[in-house]
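As structure tokens, the structure follows; a few thoughts come after it.
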Amino acid sequence: MSSQITITLPDGSERQLDEGATVGDLAASIGARLAKAAVIGSVNGVERDLVWPLADGDVVSIITETDDRGLYTIRHSTAHVLAQAVLDLFPGATFAIGPPVENGFYYDFELPDRGTFTPDDLERIDTRMREIIKEQQPFIRDEIAEAVALELFRDHKYKCEIIRGAAEDPMSATETGLVRTYENPPRFIDLCRGPHVPDTGRLGHFKLMRVAGAYWRGDEKNPMLQRIYGTAWASKKELEAYLTRLEEAEKRDHRKLGVELDLFSFPEEIGSGLAVFHPKGGIIRRIMEDYSRTRHEQAGYEFVYSPHITKSNLFEKSGHLDWYADGMYPPMELDGGTEYYLKPMNCPFHILIFGSGQRSYRELPLRLFEFGTVYRYEKSGVVQGLTRARGFAQDDAHIFCTREQAPAELARALDFVLDLLRDYGLDDFYVELSTKPETKAVGTDEEWEEAIEVLRTVALDKGMQLVMDEGGGAFYGPKISVQARDAIGRTWQMSTIQLDFQLPQRFDLSYVGADNERHRPVMIHRALFGSVERFFAVLLEHYAGAFPAWLAPVQVRVLPVRGDHDQFARDLVDRLRAAGFRSDMVVADEPLGGRIRKAKMEKLPYVLVVGDDDVANDTVGVNPRGGDVERDVAVDAFIARLGADVAAHA
RNA sequence: GCCCGGAUAGCUCAGUCGGCCAGAGCACCUGUCUUGUAAACAGGGGGUCGAGGGUUCGAAUCCCUCUUCGGGCUCCA
């Protein structure tokens, strides 16, 4: 009789297994279903392959395909299969790194003679991957000496860089002269720390998505590799659900809806990244802005205006020309050599307003607000619809206050921002705190630390989930940004609040305190929409074009059943307009069904149908978006209902 | 900026190997129809095939440059 070992499970219970039993054996001893779902195990807190032999006293949990780490492993293993397929099919190809990522994985390759993958290649690679999966090749872990590894991977220069420690690879483990590898016999071996699924047969619910260029080690000075992205899931059902989700996201893409709903466009004649808003988009935008103005006014902000261009010395003084000249449109030279720049931001203008006279502590906090249009020369490859444009309006405010007032002002600003975002229909948030950039930063570490502490405290006081973004701050100060999740779960960076000790210093701002001495104010930069255009795009995608009644360009469409109901319909439109609603009608020159359909495709909140009964009784047939038809609704009752919708921002 | 893939009517798209006056659906215009809740019928107009250059007897189609869009990389004050 062989000797036994004792294993402790996560619930504290113990199990006896034969000596030499593996993680997989443990799963099988617990149940057939667990064994089937098992991907890897966690042994004493370290993730291990299912073939890992257990030792007496180990604490083990089985990680299944429904676990995040299990899915991560499936994606990681699928990346290896991708690499094997590519090396099989493309003689002379070499491979770099291939980690799991959100929803899938990628692998970077370099083809001989700067070759590239075509869409047809992806199909061939997919086919080869499925053959490899069918072969059920085991994943075999090994540790070899560095010198042996360098010999084994001598044809793969990127792998050699990783082995020598010259390049980071999050997926490999190279320490003290030993290199860990995983082999899929008979042909493929890769540097890898693992763990992996037991064999390639465990995989299969994947799809290769696209080819992209990517710089080696993420540095644009390095050669560009060919990256293949794929998605991988534990089951066919999950894969299909993911692909459906992508389709859904594509359907609500703001660039597509902008054309379909006639909201805005990017005429080629104007240039890349520069939008024009059409009348319907203009209505939505105007209402967004009007509401924002009203709320800012109530919150104690004062409205200012500033020009679009300025002499270069303003941005020299602010430091922007030192750090971000590349991101600015080149200057116009006027007046015998004076250079004027389009403004990439509004802060210096607001600072000049603050500095235009002697300020007393009694005036603080001074909150200056402007819808300021700025122009940034975004690199040609990064421009994207309304979310990354070259010209856009910021709902920009700068709060000048004393150091002592800053925490309360920050808290107040965050409150305001969250409250307002909720009014626009976003209510699922978390907060990101960005700290001092490695390069490109002004100010001492102490000042940064102080500012970061204040922001951290404010966010935690609000009970917000806080995510750190190390090194992500602006050059003049740390930043807190509100991330909002939209209707289909995507997160968008929305509002930012930044504390700034630097600019007041650079512009030598001061106020006279109660002690009759001059003091330096601090400055808070904050934008709620960030960019009006971008926020417009987020709302458009969030609502999939079906804007709530308060924002909808047309709130009510009236459809007369026959020509002889036209007059009643016209009068009804007038009554609705008089009540303050945006309403129109379509005369009865095509059948009702067709007109209903068109209104539905325009995603209008309400369609009203009026026929004989309605003319006789002053009623309407109400066809609400997403609801059932209601007949014989009194006109007054409908007006009250629409009014309530608008007031509730529903 | 870099890699890959696109650009044909207002929109979505077809157009074979380089070969007749470049097509469809929707939209638009005109007429007929007078309609009770997601597509009435008929007719019509509309294109310098993104721009410029080249190859060719002949280019939407092949080559080059540019503009612009999409997916990534890098970037995002």
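The values are calculated or read from the model by the stated rules, or taken from the named source; none is laboratory data. Note that the structure is a prediction, hence the values are computed from the model and not measured. A quick note on method: Cβ atoms are made from the backbone with ideal geometry, for glycine too, and the neighbour counts reach across all protein chains shown.
A few points about this structure:
- When residues of the stretch A:381-394 are limited to those that are within 13 Å of RNA strand B (Cβ to nearest atom) and of a type in the set (Gly, Ala, Ser), the one surrounded by the most Cβ atoms within 10 Å (Cβ to Cβ): A:389
- The conditions of being among the acidic types (Asp, Glu) and at pLDDT below 95 are not met by residue A:302.
- Selection status of residue A:318, within 15 Å of RNA strand B (Cβ to nearest atom), of a type outside the set (Asp, Glu), touching a Cys at 6+ places or on another chain (Cβ under 8 Å) and more than 25 Å from residue A:582 (Cα to Cα): yes
- Number of positions in the stretch A:244-292 that are in a helix (DSSP H, G or I), surrounded by 15 or more Cβ atoms within 10 Å (Cβ to Cβ) and either touching a Cys at 6+ places or on another chain (Cβ under 8 Å) or basic (Lys, Arg) (or both): 4
- Residue that is farthest from RNA strand B (Cβ to nearest atom), among those in the stretch A:395-447 that are crowded, with 18+ Cβ neighbours inside 10 Å, of a type in the set (Phe, Trp, Tyr) and more than 26 Å from residue A:512 (Cα to Cα): A:424
- Residue A:344 meets the conditions (1) in a loop (DSSP other than H, G, I, E, B); (2) out of contact with any Lys or Arg (no Cβ under 6 Å at 6 or more places or on another chain); (3) in contact (Cβ under 8 Å) with a residue 24 or more places away in the chain in every case but one. The failed one is (2).
- Tally, over the stretch A:202-243, of residues that are within 24 Å of residue A:131 (Cβ to Cβ) and either within 9 Å of RNA strand B (Cβ to nearest atom) or in a strand (DSSP E or B) (or both): 13
- Of the residues making up the stretch A:470-493, those that are away from RNA strand B (no atom under 13 Å from the Cβ) and among the hydrophobic types (A, V, I, L, M, F, W, C) are A:482, A:484, A:487, A:488.
- Index of the failed condition, residue A:580 passing every other in (1) within 10 Å of RNA strand B (Cβ to nearest atom); (2) modelled with pLDDT of 95 or more; (3) surrounded by fewer than 17 Cβ atoms within 10 Å (Cβ to Cβ); (4) not basic (Lys, Arg): (1)
- Close Cβ contacts (under 8 Å, 6 or more residues apart or on different chains) running from residues in the stretch A:519-541 that are more than 15 Å from residue A:392 (Cβ to Cβ) and small (Gly, Ala, Ser) to residues that are modelled with pLDDT under 95 and crowded, with 24+ Cβ neighbours inside 10 Å are absent.
- Screening the candidates A:270, A:228 for the property of being in contact (Cβ under 8 Å) with a residue 24 or more places away in the chain and among the hydrophobic types (A, V, I, L, M, F, W, C) yields one hit, A:228.
- Qualifying strands (runs of 3 or more DSSP E) (wholly inside the stretch A:9-99; at least 3 residues being more than 30 Å from residue A:118 (Cα to Cα) and of a type outside the set (D, E, K, R)): A:38-43, A:60-64
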